[in-house]
Amino acid sequence: MTIRRYDAAEVLALLAHRYPFALVDRIEVIDPGRRVAGTKRVTSGEWWTTGVAHEVMPFTLVIEALAQTSGALVRDLAEGASGGVAYFMGADRVRLRRPARVGDELRLDVSLRQWRRGVCRMHAVATVDGATVATAELTIIVRSAG
């Protein structure tokens, strides 16, 4: 099995997000249309670290990073999804376990659970050094671009 790796420049071409809201540094397509993994280096230069005493990545941004990573999975689905636009619809069964701190490398794993009529349900897990930061069931809808 060949793993397709996207570097930072390719991630920007793949996703619509830009600074300061681009929350994924690298993406690996492990199983096209089934499983992807992203990486986010949590640094002190982030916009959300200014004035924060503990420099902890907000959990809402961890969930957003998982949703952005799902964009790489959606583009490899059938029925012309690669030409469409993916919209984050919601997160269910969210579990927040431990914070991601400045200096951590956040791993973002997203697996497809269901794909029906342009609606994707995915299982997402964020980890740091193997320890779970957050888990969620994400819902993404894909609409044609145009």
Checklist outcome for this item: Residues of segment 124-145 being assigned to a strand (DSSP E or B), over 16 Å from Arg34 (Cα atoms) and touching a residue at least 60 places away in the same chain (Cβ under 8 Å), in sequence order, are Ala126, Val133, Ala134, Ala136, Ser144
Next on the checklist: Please pick out the residue among Thr39, Thr60, Thr49 that is at pLDDT 90 or above, polar (S, T, N, Q) and touching a strand residue (DSSP E or B) at 6+ places or on another chain (Cβ under 9 Å).
Outcome noted: Thr39
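Looking only at segment 29-50, how many residues end up being outside any loop (DSSP other than H, G, I, E, B) and within 19 Å of Glu64 (Cβ to Cβ)? Show your work before the answer.
Our first condition is that a residue be outside any loop (DSSP other than H, G, I, E, B); within segment 29-50, this holds for 29-31, 35-41, 47-49.
Those left that are additionally within 19 Å of Glu64 (Cβ to Cβ): 36-41, 47-49.
Final tally of qualifying residues: 9.
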Checklist outcome for this item: By residue number, the members of segment 1-19 that are of a type in the set (Val, Ile, Thr) and either buried (at least 16 other Cβ atoms within 10 Å of the Cβ) or modelled with pLDDT of 75 or more (or both) are Ile3, Val11
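Let's see how each residue does on (1) small (Gly, Ala, Ser); (2) under 18 Å from Leu15 (Cα atoms); (3) free of Cβ contacts under 8 Å to residues at least 60 places away in the same chain:
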| residue | (1), (2), (3) |
| --- | --- |
| Ala86 | yes, yes, yes |
| Ala91 | yes, no, yes |
| Val102 | no, no, no |
| Glu105 | no, no, no |
| Arg117 | no, no, yes |
| Met122 | no, yes, yes |
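The values are calculated or read from the model by the stated rules, or taken from the named source; none is laboratory data. These numbers were taken from a predicted model, which means no experiment stands behind them. Backbone-built Cβ (ideal geometry, glycine too); neighbour counts: all protein chains shown.
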